[in-house]
Structure formats: C-alpha cells, structure tokens
Amino acid sequence: MAAIEVHSLIKNFGPLRAVDGISFSVKEGEIFGLLGPNGAGKSTTINILCTLLQPTMGKVLVNGYDCVREPESVRSSIGLIFQDPTLDNELTAWENLKFHCYLYNMERRVMKERIGEMLDLVGLADRSRELVKHFSGGMKRRLEIARGLLHRPRILFLDEPTLGLDPQTRDKIWGFIRNLRSQEQITMFMTTHYMEEAEVCDQIAVIDQGKIVARGTPEHLKRMVKGDKILLRGGDPDSLRRRIRAHFGLEVQGDHEDLLLEVERAEEFIPRLLERLGAEISFVSVMKPSLNDVFLRLVGREIREEEANSKDTKRQMARAYHKARWRRH
Amino acid sequence: MIEGRAIYVITLRELIKLVRQKGSLINTFARPILWLFVVGSGLSQIVQRGGPISYKQFMFPGVMGMVILFSSIFSSISIVWDREFGFLREILVAPISRLSIVIGKAISGTLSSSLQAAVIMIFLPLLGIHVRPAQLLGLFALAVLLSFALTSLGILIAAHMETFGVFNVIMNLLVMPLFFLSGAIYPVNLLPFGIRFLSRCNPLTYGIDAFKNVLLPKVGAGGHGALGAEFPLGLDILVVALFSLVMISLAVASFRKIQ
C-alpha cells in the first residue's frame, strides 16, 4: 500500500485555482519532497493531505484513509510540522507535549515515557519545565518535531520545516531529520523551497502554478538539465577548442582561456578527454547541476528569487474568500 | 464524537493560563470595585431612593453580570489569539471533533467566568446584603448559566474573527451595548419605550434579572419595588437557557466550517 495517493487533485479558492489536477503517490518509508516557488500550491496540497482543507475535486488517500470521508483516521495516523510555529508560548515544553498526548488520546501509561524519549531525541530534556516563550527559534522547531512524533505517526508532514531559521540551525534540523529516518520507520512528506535541502529526498515532485512539472529522484531530475558542466584550461585555448570540436563533436563555449563544455556525465567523459588531449590540458573542473539549475530550467526562474509576498498575497486571497463565504452562509 | 480527554485538556490549558496570568486576581477585583464603590457611591448621591434598598445594593446584580460578560467574552476571544499564534492549528489537526473543541472552550470559559463571579460575592456583606447559604448557591448556579450563555456567544464571534483587528468594533458595538442595555445600572422599566424594547431583547437583561430575583425580590416580605426584579425567575432562566442553546449550536456549526 502506498503511504499517500493523490489522484487528479483540484483546489479552487473562488476564481483562483491553487492546485490544478495533480496526481502522485508516495511509497512507505520514503522521503518525498514537494518543491516549488512560493504560491505554487505546495501549502494548499499539504493542507489537503492533512485534512485541513477540503479538495474541490479529486481523490486523496493517506495511510489508506480517504481524506474527505475519514479525516479523523487520517489525522491520528499523521504528524505535522507546520511552516509557522504552533506551540503555546505560555505553557512549558512539557505541557505542550502533554497537551498533544491528550488530544491524540495516548495511553497515560506510555505518555510520560514517550514524552521523555522525544525530549531526549531533540535535546531538550533539561529545558522541559521552561516556558516555551523563552526558547529560541531552533529550539521551538525541535520541540515541534518532538511533538509531531509523539503519537508515533506513520507519516510525518513537514511544511517548510526550516523556514526562517539561521543556516546553522537549519543544518542541525536536517541532520536530525536524517537521523530520525534511520531510527524510525517513517514516511516523510515535505515541502521546501531551499533546493539544497531537497537533496535528502528519495523522490521529488516540482510544482508550479498548481501543476506538477517534473518528478523523479534528485539524480534523475538533475539529469534533465543536460548534465554536467566542465571548465577546462590549457596551453593553447584556440587549438584546444578546435580539437575538442573535431574529436568529440561538442560545442565549446567560454572565452579566452576558460573553455566550457556541457556533457551528460562528466565522470565518464573526462577519462576519454584526458586520454586524447591530456598533454594539452592543465586544469579541469566539474560543476554538477544542482536542483536549483533544474528548477531554473523547469520553472523559468530561480526558486528563491520569488518575493515572500506572493505567498502572502495568495493567503490573503484565500482568507478573503473564506470570509466572503462565511458571510454568505 | 465527544472526546472526554481532549475536552479535559483544552479546559485544563485555559485554567493553567488563567492562574499563571499575572494580576488576573487583581483584574477580577478592579472593575467591580470601581463600579460598586466609585460609580455606585457617586450615582447614589443623585438617585432618589426607589425603595428599601440603596443604589449600591441595586447595582450588585448588574456588576456581577458585567464581570461575567467581560470575562466570558475575553476568555472565548482567546481562540483568536490561538489562531494568531498558530496554536489553533495544533488543535484543529488533532483527531478530535470540532464539537469537542467547542465544548472544551465553553467549559473553560464558563468555569473561569463563574469563578470570578463567585469571588466578587464577598462584597455582599460590605453592601449590607444579607444572604442565606441557599441563596448563595442559587446565585452561583445562575452565574454558571449566564457564563455559559455569554461564553457561547463569545465562541461564536471568535469563530468568525480572523484577526484581532475587529476587536474594538466588537467591544463598542456588542459588549458595551449589551452592558448598558441590561438594566445593570438602571431599572429597565424606567427607560423610554425604544430603549426598553432593546433591553428586553438583550439576554444579559434576563441574566441580571435572575440575580435580582435571588437577591432583591420585588414583592413579598421585604419586596424591593422599582429597583427589584422585573420578570419571574422562571422566565429569566428560560430566556438565558434558550439563548445558550442557540449560541452554542451556531458556534459548533461555525467551528465545523473553519479550515
């Protein structure tokens, strides 16, 4: 059974189509990343999967439960880490976790042990009696991860888990998520717009304007951008340029001494190149494509250059729409 | 559909926060003291005595109603804080029904309001109102009922409030009119017809009248004339109870729509 199955999902906010007929499935135990610029439909999709939003059309199964017909079964089998903090700042870390245990109807017997275990896992055991409002951003995030895992969910949803954290804390959180994966058998579904972070995923779907524009493993996606770039320098650039063209039939770019080649797989091409022209080459450097390049190619713009505003605008639109709907009721 | 442990923990959370809030006890006392001993003393100088009771004694049921009104509306408006700070999502994605969430909020709001009302009952002897224990119990039971009614109203409002921006509007267009049109500081039957009509549509009027029925009955031995209760106690209870039912049902329906 797939952990998540989505068939032809559509979500409209009034006249705005936020998700436009996407389909995908996530295998159990996989880390699945939904990538896209702000406002592409990532958060809408994750909210539908978590039963916080009703789909306009389409079928969504999470852990085999229908998100529309069995929302409470879906909810008890998933854990959530939201984009924005959802802790009660006026309660202690321990109280926040205890609150969660009660909401998820965990047995009193295992509750205490499990809370302790999770606090150890995220390194907050010695701070458990402190009010959350005194915690740093990274500590709050860790506490939220601990909380999301308390009730042993089979799928953990992470919506932009490192948004707004400094790079060092981000690294820590990711290290932590990788560890978690090796320790517990858990499926993870995440959205992010940090390309480097998406590298931990087994499967990625790139979403833009409500549609999935590409999907596959990070390796597979990176191959879509025609492969690797090689930078060469040598004694006589002009003759080198000519001979590469003659021998390999490749277009050589770059100016003066710096010659730039694009090949499918640099690790296979370079031995052949050196065999022929090794004597003339003094410098070789390989640039592997990053997911950022993939994104640039697919979406036509850099993922991070989007202003944060576009999402806010969309949120406001969704909010205004809900308000209008309430008034009608 | 109703998850007992979820209701328990939602209620517990509010009570923990109420106790932890700095100055919440002072806050409970501050407003009633101002009304009873400052406004009440002032007004009693210019108000002709309408019977065997003093103006301050007349005001006590109204001040109790006021304490309940403000505390109920404020405690249910905390839902809007929860929304603003994201905590509401933690509750909304939990595997519990929306009904349980509303019940939890209603119980915690009702408890905190009626406890505050109970606390200000210690002013009764200071005002020269002598009550039997049975009367106190009756008064408390009515306070619980009114707290529940107004908390339900507050939850209904909070479910429709996306941000704190409209809070002032609610204070000025709902809470203050409810208070001034309730017979808390002047008897409803002395008001001009139009305003009297509005007062009679106000659920708080009946809640406060119920308190008057217990503390200042109109007729019988020691009747209190124009400053006493206006409606039969049964009618008061019926109106407040019906109002509660309508409000809590609407609140549950609104909560089901929150996404």
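The values are calculated or read from the model by the stated rules, or taken from the named source; none is laboratory data. Remember, predicted model here, so these are calculated numbers, not experimental data. Here Cβ is always computed from backbone atoms with ideal geometry, including for glycine, and neighbour counts include all displayed protein chains.
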Yes or no: A:Arg114 modelled with pLDDT under 90, more than 15 Å from B:Ile91 (Cα to Cα) and more than 9 Å from chain B (Cβ to nearest Cβ)? no
Looking only at region B:229-249, how many residues end up being of a type in the set (Ser, Thr, Tyr) and touching a Lys or Arg at 6+ places or on another chain (Cβ under 7 Å)? 0
Residues of region A:79-110 that turn out to be charged (D, E, K, R) and either within 28 Å of A:Ile4 (Cα to Cα) or not assigned by TED's automatic domain parsing to the domain that holds A:Thr187 (or both), as a count: 2
Pick from region A:266-299, criterion hydrophobic (A, V, I, L, M, F, W, C) and not in a helix (DSSP H, G or I), ranking: nearest to the chain's Cα centre (by Cα): A:Met287
Within region A:167-196, count every residue that is of a type in the set (A, V, I, L, M, F, W, C) and closer than 19 Å to A:Asp120 by Cα. 6
Would you point out the residue of region A:31-44, among those that are more than 14 Å from chain B (Cβ to nearest Cβ) and modelled with pLDDT of 90 or more, that is nearest to A:Val213 (Cα to Cα)? A:Leu34
Of the listed residues (A:Val200, A:Val213, A:Val206), the one being assigned to a loop (DSSP other than H, G, I, E, B) and in contact (Cβ under 8 Å) with a residue 60 or more places away in the chain is A:Val200
Being within 11 Å of chain A (Cβ to nearest Cβ) and assigned to a loop (DSSP other than H, G, I, E, B) is the filter; apply it to region B:1-21 and report the residue that is farthest from B:Ile79 (Cα to Cα). B:Met1
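To keep it simple, each residue is scored yes or no on (1) on the phi > 0 side of the Ramachandran plot; (2) part of a helix (DSSP H, G or I); (3) within 14 Å of chain A (Cβ to nearest Cβ); (4) at pLDDT below 90.
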| site | (1), (2), (3), (4) |
| --- | --- |
| B:Pro95 | no, no, yes, no |
| B:Leu111 | no, yes, no, no |
| B:Ser114 | no, yes, no, no |
| B:Leu126 | no, yes, no, yes |
| B:Gln135 | no, yes, no, no |
| B:Leu142 | no, yes, no, no |
| B:Leu150 | no, yes, no, no |
| B:Leu153 | no, yes, no, no |
In region B:179-202, anything closer than 24 Å to B:Ser44 by Cα and not in a helix (DSSP H, G or I) is listed as B:Leu181, B:Ser182, B:Gly183, B:Ala184, B:Ile185, B:Tyr186, B:Pro187, B:Leu191, B:Pro192
Could you list all residues from region A:117-139 that are assigned to a helix (DSSP H, G or I) and within 11 Å of another protein chain (Cβ to nearest Cβ)? A:Val132, A:Lys133
Residue satisfying all of: in region A:149-170; within 17 Å of the chain's Cα centre (by Cα) and assigned to a helix (DSSP H, G or I); surrounded by the most Cβ atoms within 10 Å (Cβ to Cβ) among these: A:Arg170
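So if I check each of B:Leu190, B:Leu198, B:Leu204, which one is in contact (Cβ under 8 Å) with a residue 24 or more places away in the chain, within 27 Å of B:Tyr55 (Cβ to Cβ) and surrounded by fewer than 18 Cβ atoms within 10 Å (Cβ to Cβ)?
That would be B:Leu190, the only listed residue that is in contact (Cβ under 8 Å) with a residue 24 or more places away in the chain, within 27 Å of B:Tyr55 (Cβ to Cβ) and surrounded by fewer than 18 Cβ atoms within 10 Å (Cβ to Cβ).
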When only residues in region A:55-105 that are part of a loop (DSSP other than H, G, I, E, B) and farther than 23 Å from A:Pro161 by Cα count, which is nearest to the other protein chains (Cβ to nearest Cβ)? A:Asn105
Pairs under 7 Å by beta carbon, first residue modelled with pLDDT of 75 or more in region B:221-235, partner in a helix (DSSP H, G or I) and among the acidic types (Asp, Glu), six or more apart or different chains? B:Ala229/B:Asp209; B:Glu230/B:Asp209; B:Phe231/B:Asp209
Of the residues in region B:119-168, those that are of a type in the set (D, E, K, R) and without any contact (Cβ under 8 Å) to a residue 60 or more places away in the chain come to B:Arg132
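Residue-wise test of (1) in a helix (DSSP H, G or I); (2) surrounded by fewer than 16 Cβ atoms within 10 Å (Cβ to Cβ); (3) among the small types (Gly, Ala, Ser).
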{"site": "B:Pro32", "(1), (2), (3)": "yes, no, no"}
{"site": "B:Val38", "(1), (2), (3)": "yes, yes, no"}
{"site": "B:Pro52", "(1), (2), (3)": "no, yes, no"}
{"site": "B:Met59", "(1), (2), (3)": "yes, no, no"}
{"site": "B:Val63", "(1), (2), (3)": "yes, no, no"}
{"site": "B:Ile77", "(1), (2), (3)": "yes, no, no"}
{"site": "B:Arg83", "(1), (2), (3)": "yes, no, no"}
{"site": "B:Leu88", "(1), (2), (3)": "yes, no, no"}
{"site": "B:Ile91", "(1), (2), (3)": "yes, no, no"}
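Can we say B:Ser100 is at pLDDT 90 or above, part of a helix (DSSP H, G or I) and facing chain A (nearest Cβ under 10 Å)?
yes
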